[in-house]
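Q: Okay, handing you the structure first.
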Amino acid sequence: MVTAYYSAAFVLSVILMLVYVFLYRKHNDIHISLVFVLVPISNLAQLLLSQSESIEAALLANKIIYISGCYLILLISLAVFSLCEIHLNRFIILLLYVITTVVFFFTLQIDRNELYYTNVSMIRENGVTILEKEYGILHIGYYVMVATYFLLGMVAVVAGCIKKQVSNRFIILLALPEVVAVISYLAGRTLLRASDFFQNAELIPLAYDVALVVYLIIERKLVLYNLPGMAIETVVQNGNTGFISFDFKLRYLGSNETAKGLFPELNDMIVDKPIRTETLTATLLKWLEDFKNDNSCNNVFYKKGEKIYLVDISFLSDGRRKRGYQMYITDDTQDQQYIALLDSFNTELKAEVEQKTAHIVEMHDNLILSMAVMVERRDNSTGGHIRRTSACVRMLLNEMKRSGEFELSESFCRNLIKAAPMHDLGKIAVDDAILRKPGNFTNEEYEIMKTHAAEGAKIVHEILTGTDDKEFHILAENVAHYHHEKWDGSGYPEGLKGEQIPLEARIMAIADTYDALVSKRVYKEKLSFEKVDQIIMEGMGKHFDKRLEPYYVAARPKLEQYYNEID
C-alpha cells in the first residue's frame, strides 16, 4: 500500500502542476511556479526510492529528493515575503540561493565521504526500500538552513499581519504550506509508522501536495489582488488601447490587434525586423527617432479619419533594464474636441473681455480728461493747456527713449502721457477769486495756490483707488503731487531735491513750464521761443534736472513746430 500511496501522491502532484499551468498568468510569483515544478520531481524520486533494488539506485533517488529538500523551503519562504509585499534586496536573495546550492552540493557527496552520512544502508520491509542513515557533521548545517528559512518565513508572516496589507485568512494560507512541510519532515515518519496501512511511508509527499492545493487557492486570489497585472491585461484585451513594441535598434517586437487596426501595415511586419513601409516610416519610425533624440518628445497626436489618437512613447522595461520602446495608443478624440471647443470659447471670451476692458479704460480715461478740462476752464489760461502739456511730454519721452540712458519701459511712457492731463486736478480745491485773478498773487494767495499740488495728489489717489494698474496709479499721483518741485529743493509742496523728485514729475515740470511760458494768458503775453529757451536752459540744474537737458534740446525743434502749427 505504501507504493500506492507514493504513486497517488506523485500523480496528484502532476495533476496539480497541470492545473497550475492551465491557470498560469505571466504575473504569477516565480517562487510558487518553481514549487509546482519541484514537488512532482520530489514525489517521483520518493516513489523511485521506495522501489529501488540496489543501494546505488536508492542513493540516486535520495539525492533527487534533496533537490526539493534544500530548495523548496527557501522557495516557500521567499514566496511568503513576496506575497506579503516585503521586498528583499536582490543580493540577499542571491546569497540565500548560493548557501542553499552549497548545502545541496554536499548532499551529492553522501556516497563519497562520511561528512554528510557517516553510515548508510538499504533495507526492504514489506516490499518497500528504506535507507537507514547515520548523520554526519554537515547534516547539522542542513538542519540549520531549514530552520533558518522556516523562521524567515514566519517573520514574513508576522510582518504581513502587522502591515495589514492582506487579510488574516490570506496570511494563514501563506503560512500553512511552510508549517505543514516542516511538521511532516520532523514527525511524519513517526506518525505514519504507527499505522499498519502506511508503515514505513513518509508524510512529506502528501504535505507537498497539500501545499500545492493551497498555492492554487492563493494564486487564484492573487489574480485579483495583482491590480497592475490585472489592469494591463484588461486594457490589452478590451481593445481600446493599442500597443506596439520596438527594441533599441528600432526593430519590430510586436503589437496587439487594436494597433494593427490603426496601422494595417503591422500585419505584414516580421518580428525582429526594421520598419520598411513608407507609411510606418513617416509615422512610427519618425516618432521613435524624435523620442530617441529627445525623451521629452513622448506624446504625439495622430489623426485618422474623424478620430484623433494620442500616441504615448516610453521605454520598454524588463525589470530594471530598459530593453526598447513601447507605444501606447489611445482614442483621444473626445478630449481633443473638448480642448478645441474650449480654446475657441477662450479665444472668443478673451476678445470680448479685451473689448469690454478697452471700453471701460476708455471711459475711465475720458472721465479723467473731462475732469481736467473742467478744472482748466476755471483757470485764466486760454484753454488747451492739458492737451499741449501731454504733447510736450510725448516729445520729451521720444527723445529719452531714443538715447536709452534712462531705460524707460513702454508702460512708463504710456502711463506718463495718460497721466499728464491730471497734473493740475488739485486746482479744483482753489477758490475762484484766486484761481481767476488777472494779476499777480499776493504772498497769501500764492500760498493758497501752491496747495493745489498736494490736493491734486489726494484727488488722484481717490479717483484711482482700486484700479488694477498700480503703476499708473503711483505715476499719476506723483505727477500731480511733485510737478512743482525743483531740482535745487526750492519748489513745493515738500521741497524735494534732486533725485528725491520722481522722474515722471521732473519730466512733467519741463513740459508744464514750457507751455506756460510759450502760451498767452490773460495776465501776460506769450514769450518768444528764444526767450522761453533761454529761461528753460538757465533753469537746468536749478529748476530742472540737468540730465534732461539734452533731451529738451533735441526735442526743441519739434516743440516749436508743434506750437507754430496750433497757432
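Q: Measure off 7 Å from each Cα along the Cα-to-Cβ vector at ALA4 and ASN398, then give the distance between these two points in nanometres to one decimal.
A: Modelled inter-label distance: 11.8 nm.
Q: Right, something else. Remind me, relative contact order of the range 415-567 in percent, using alpha carbon pairs under 8 angstrom and six or more residues apart?
A: Over the range 415-567, the number comes to 19 percent.
Q: For a quick check of your reading of the filter: which GluC sites (Glu not before Pro) in the range 277-337 sit in a DSSP loop and have no more than 13 other Cβ atoms within 10 Å?
A: Here the sparse-neighbourhood loop sites are GLU306.
Q: Show that you can apply the helix-only estimate: for the chain, add -39,500 (n - 2.57) for every DSSP H stretch of four or more residues, divide by all residues, and state [θ] at 222 nm to the nearest 500.
A: Computed ellipticity for the chain at 222 nm equals -20500 deg cm²/dmol.
Q: Roughly how much of PHE248 is accessible, in Å² to the nearest 10, using a 1.4 Å probe?
A: Surface open to solvent at PHE248 totals about 80 Å².
Q: Oh, and also: Run the numbers on the chain and let me know its relative contact order in percent, using alpha-carbon pairs under 8 Å that are six or more apart.
A: About 8 percent, as a whole number.
Q: Here's something else I'd like to know. Around SER54, under 13 Å between beta carbons, what's the net of Lys plus Arg minus Asp minus Glu among the other residues?
A: Summing Lys and Arg as +1 and Asp and Glu as -1 gives -2.
Q: Please work out how many pairs of lysine residues in the range 270-345 are eight or more positions apart (or on different chains) and have Cα atoms closer than 25 angstrom.
A: Value for the range 270-345: 10.
Q: Let me ask something additional. Amide H to amide H, which residues 5 or more places from LEU253 or on other chains are under 5 Å from it, using H placed in the peptide plane?
A: Here SER245, PHE246, ASP247, ASP272 satisfy the definition.
Q: Right, another one. Counting trypsin sites (Lys or Arg not before Pro) as exposed when in a DSSP loop with at most 10 other beta carbons within 10 Å, what is the longest stretch of the chain free of them?
A: In the chain, the maximal stretch lacking such sites is 378-567.
Q: If you average the alpha carbon positions of the range 257-314 and of the range 58-95, how far apart do those two centres end up, in angstrom?
A: About 44 Å separates the Cα centre of the range 257-314 from the one of the range 58-95.
Q: Something else now. Only sites in a loop by DSSP and with at most 14 other Cβ atoms within 10 Å count here; which chymotrypsin sites (Phe, Trp or Tyr not before Pro) in the range 468-553 make the cut?
A: TYR523
Q: Another question, if that's okay. Of the cross-linked pairs LYS437/LYS458; LYS470/LYS531; LYS458/LYS558; LYS401/LYS520; LYS350/LYS427, which ones have a Cα-Cα span greater than 29 Å in the structure shown?
A: Beyond 29 Å between Cα atoms: LYS470/LYS531; LYS458/LYS558; LYS401/LYS520; LYS350/LYS427.
Q: Over the chain, give the accessible area per residue in Å² for a 1.4 Å probe, as an integer.
A: 54 Å²
Q: What is the extension gain from LEU108 to PHE248, computed as 0.36 nm multiplied by their sequence separation minus the C-alpha to C-alpha distance, in nm to one decimal?
A: Between LEU108 and PHE248, full extension yields 46.0 nm more.
Q: I would also like to ask the following. What do you get for the angle between helix 138-163 and the principal long axis of the chain? Use alpha-carbon atoms, 0 to 90 degrees, nearest ten.
A: 40 degrees
Q: Determine the gain in length on full extension of the stretch MET154-THR467; use 0.36 nm per residue of separation and subtract their C-alpha separation, reporting nm with one decimal.
A: Full extension of this stretch gives 105.5 nm more.
The values are calculated or read from the model by the stated rules, or taken from the named source; none is laboratory data. Model, not experiment: these values are computed from the prediction. Positions of Cβ are generated from backbone atoms using ideal geometry, with glycine treated the same way; all protein chains shown enter the neighbour counts. Accessible surface areas use protein heavy atoms only, side chains included; no ligands, DNA or RNA. Shrake-Rupley method; radii C 1.70, N 1.55, O 1.52, S 1.80 Å.
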